[in-house]
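Heads up, the thing below is written out as structure tokens.
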Amino acid sequence: MAARERHGTRRDTIRIDIASSDMETTPRQAIEEIRALAARRTAPLILELDLTVDPVEGVPEDTVLARFARRRPVLREIVDGLRRAALDPRTRVLVAHIAACGMPIARAQEIRDAVAEFRAAGKTALAYADTFGEFGGGTVPYYLACAFDEIWLAPPGDLGLTGVASHTPFLRDALDRLGVSSQIGARHEYKNAANVFLERGFTPAHLEATTRIVESCADEIVTGIAAGRRLPSDRVRVLVDSGPLSAAAALEAGLVDRLGYRDEVYAEARRRAQVPPGAPSAPVAPGEAAAGDASGPPVPMYLGAYRRSAARRESSPARRAVRASTARLSALVSRSEPAPARAALPPVREAASDAAVPPELDPQRSVVALIHGTGPVLPRRPAGGRPGGGPGGAGAAGPAA
């Protein structure tokens, strides 16, 4: 009995100690979490893009195909995310992991164009690959990587830059052995889809069409590589003929910029993200902010998550209200100006007064505050009207001081 009581007393004492410890540390932890959250909302972003899987170009209608494509990225979302990131001042660096995944050249070109738009906005794009196709099949992935500012390759990797090839199976012999006869019509000789079942090899027209497609794709790839790596086209063709190349040989030939592993790529991305846009690139210690940059350390985020977050922000009620107010003000100003005077762009105050713009919509007399919260944004009415919020209330649009 005594032992049981001692046991219970000791347990109660431990509970009191833990509770008192929690009471002492909870406010401090809450403040640290608030500071960390505030820092993450203003910190520069490092966007991560996984291109080791061929993205889906559309939504599959078949249930089975949709099941297998559920985890794969969507090409339209990748392009839309990169375009949104190009307009966001927080995004500074894009890191893409690239691998041979059977991606066709058309999809690679769409992603290349989106990356070029991202870079044109003053951002940095880094491409990393463990290997480009080993002994072959790395031409299209490398062509995609040439749209980035720098190409990183793992030291044990290879560059399978071996050119373009086309494979066409012919099933006529197999169907004859099975006793199956095919009756398929073709309108002209270059309509070669039926040749797979009717012929035992290439017809002259089929061979001509396939050869021209392969040559056209090869010309596109050589031109893109030459522009991305700043090499003559003849030099690129020589390197393609000498492929595959080891990582050291690719670095020596100027086909890759650096040899390094994944952690080294992200260390370089964090360093570049801490340098404000337009500032000279100076060495920055890890975890420290660059000079002139008051934001915290960079925050990594997948491109898909960033796109969904940006879409939610754009569709928030506060932003819709501001866009509607801006559109109404622009319409009133444009209607109040005569046609010859529109090019002169008179001051907003004069145009607004001529059109009798309400005070809550006049940019010279009121301000609009964007509050990210769950409540609505209520404009403050002018004196004499029905009040929509107290003076200086959060989320109010009132006369500017």
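Structure values in brief
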quantity	calculated
Every pair of residues 6+ apart whose Cβ atoms lie under 7 Å, when the first sits in region 80-99 and is farther than 22 Å from Thr52 by Cβ while the second is assigned to a strand (DSSP E or B)	Arg90/Leu45; Arg92/Leu45; Arg92/Thr124
Looking only at region 134-154, and only at residues there that are over 16 Å from Ala253 (Cβ atoms) and hydrophobic (A, V, I, L, M, F, W, C), the one that is farthest from the chain's Cα centre (by Cα)	Phe135
Subset of region 191-202 [over 15 Å from Ser166 (Cβ atoms) and of a type outside the set (Asp, Glu)]	Lys191, Ala194, Phe197, Leu198, Arg200
Hits in region 84-104 (condition: under 18 Å from the mean Cα position of the chain (by Cα), open to solvent by less than 50 Å² (accessible area, probe 1.4 Å) and not charged (D, E, K, R))	Ala85, Ala86, Thr91, Val93, Leu94, Val95, Ala96, His97, Ile98, Ala99, Met103
Within region 133-143, considering residues that are modelled with pLDDT of 90 or more and in contact with a strand residue (DSSP E or B) (Cβ under 6 Å, 6 or more places away or on another chain), the one least open to solvent (accessible area, probe 1.4 Å)	Tyr142
Boolean, Ile151 is over 21 Å from Ser216 (Cβ atoms) and in a strand (DSSP E or B)	yes
All positions within region 105-122 that are touching a residue at least 40 places away in the same chain (Cβ under 8 Å) and open to solvent by 10 Å² or more (accessible area, probe 1.4 Å)	Ile105, Arg107, Gln109, Arg112, Gly122
Output for region 151-170, where each listed residue is buried (at least 17 other Cβ atoms within 10 Å of the Cβ), modelled with pLDDT of 90 or more and either aromatic (Phe, Trp, Tyr) or more than 18 Å from Thr52 (Cβ to Cβ) (or both)	Trp152
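The values are calculated or read from the model by the stated rules, or taken from the named source; none is laboratory data. Predicted model, so just to flag it, every value in this text is computed and none were measured. Quick reminder, even Gly has a Cβ in these numbers, built from the backbone with ideal geometry, and neighbours come from all protein chains shown. For accessibility, only protein heavy atoms count, side chains too; no ligands or nucleic acids. Shrake-Rupley method; radii C 1.70, N 1.55, O 1.52, S 1.80 Å.
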